[in-house]
Amino acid sequence: NKAQQDAFLPYVEDGTVVLIGATTENPSFEINSALLSRSRVFILKSLDVEDITKLLGRALLDQEKGLGQIQIKVEDGVLEFIASIADGDARIALNTLEMAIKATAVETSEKKIGQLTKEAVAGQLKRSHLLYDKTGDEHYSLISALHKSLRGSDADASLYWLGRMLEAGEDPLYIARRLVRFASEDIGLADPNALVQANAAFEATHRLGMPECNVCLAQAVVYLAQAPKSNALYVAYGRVKVDIAESANEPVPLHLRNAPTQLMKELDHGKGYVYAHDVKKRRPDGHADDGQQYLPDKLKGRKYL
């Protein structure tokens, strides 16, 4: 684990230890940055369907280590089918091939014969899990794909990435929280009802759980994907954060301060404040035209939206 990895560092640096590791996880999440910076990372990518199909073909012909001793009639496209469901893993593909053939093979007086069909493969295949890691690279890649598909208004892609996460066992409440965030970050006031829909989906997910909540989340995802988009609130709040970080704690203007005591009133807290509802003059949008300053003096006139 990461706590134990620190013990390797001085010995890797002075050459006492040559560290060689293999992992199915993203090293950025699993290896301490100090150790990772002193290592060379080689990425081994999954095999593609064409490569696995060739491998399966060799396995069918190999007399010594493969299945060449069985006379097998192979249905068109079945090897490609096995290769496509193997997720780039040759071991899964070979195991699936072997199980399907052994389940259908019949021994005659001369030799074993078998028939390899998609139906036979589907009957033997139990896809117990999808490639997914709830705290690592795949987790962040899939939620990023969902968020960007929603932002791009692609409802079909959004549904697909939602399904990928839910069917792989992701916590549905995590997805629901991200949808609530998205409703304000990427839609905001362009459609205020988006936040209502996202909150409703979160509440339904909390009450129902999986698998019943999957359609509730799907409804929210499609609504958010099809809603008009605006990041004005996100950008505006970012500007506010910058002003707060780069300026002192600006004092509240006296006329905006509360005055619950006589001393505060004597110090002019609340003095000159105009109660907006008493203002008769209104702008075309219905807002009171009271002419008051609501920002601190040093930020007077600053626009965030």
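The values are calculated or read from the model by the stated rules, or taken from the named source; none is laboratory data. Fair warning: this is a prediction, and the values are worked out from it, not measured in the lab. Neighbour counts are summed over all protein chains in view; Cβ atoms, including those assigned to glycine, are modelled from backbone coordinates with ideal geometry. These accessible areas exclude ligands, DNA and RNA; they are computed on the full protein's heavy atoms, side chains included. Shrake-Rupley method; radii C 1.70, N 1.55, O 1.52, S 1.80 Å.
Values computed for the structure shown
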quantity: In Hz, Karplus ³J(HN,Hα) per residue of the range 65-79 (6.51, -1.76, 1.60; θ = phi - 60°; x = Gly, Pro); calculated: 10, x, 10, x, 7, 9, 7, 10, 9, 9, 5, 4, x, 6, 5
quantity: Vicinal HN-Hα couplings computed from phi for the range 44-55 (Karplus, 6.51 cos²θ - 1.76 cosθ + 1.60; Hz; Gly/Pro x); calculated: 9, 8, 5, 6, 8, 4, 5, 5, 5, 4, 5, 4
quantity: Relative contact order [Cα under 8 Å, 6+ residues apart], the range 1-113, whole percent; calculated: 21 percent
quantity: Additional length obtainable on full extension of the chain from Ser144 to Tyr11, 0.36 nm per residue less Cα span; calculated: 44.1 nm
quantity: Contour excess over end-to-end distance, with Cα ends at Val235 and Arg282 and 0.36 nm allotted per residue; calculated: 14.0 nm
quantity: Estimated dipole of the chain in Debye, rounded to 20 [Cβ of Lys and Arg +1, of Asp and Glu -1, Cα centre]; calculated: 1020 debye
quantity: Given charges at beta-carbon only (K, R positive; D, E negative), |dipole| of the range 197-251 in Debye; calculated: 160 debye
quantity: Residues whose placed amide H lies under 5 Å from that of Arg257, excluding near-sequence neighbours; calculated: Gly270
quantity: Computed accessible area, Glu266, all protein chains, 1.4 angstrom probe, square angstrom; calculated: 120 Å²
quantity: Residue-wise HN-Hα coupling along the range 7-17, computed from phi with Karplus coefficients 6.51, -1.76, 1.60 (Hz; x: Gly, Pro); calculated: 5, 6, 3, x, 7, 6, 5, 8, x, 5, 10
quantity: Residue-normalised accessible area of the chain, given per residue in Å² at a 1.4 Å probe; calculated: 67 Å²
quantity: Ranking by accessible area, most exposed first, for Val215, Val242 with a 1.4 Å probe; calculated: Val215, Val242
quantity: Exposed trypsin sites (Lys or Arg not before Pro) absent - longest run of the chain, DSSP non-H/G/I/E/B, at most 13 other C-beta within 10 Å; calculated: 135-270
quantity: Nonlocal amide H pairs with Ile72, under 5 Å, H built at 1.01 Å; calculated: Gly114
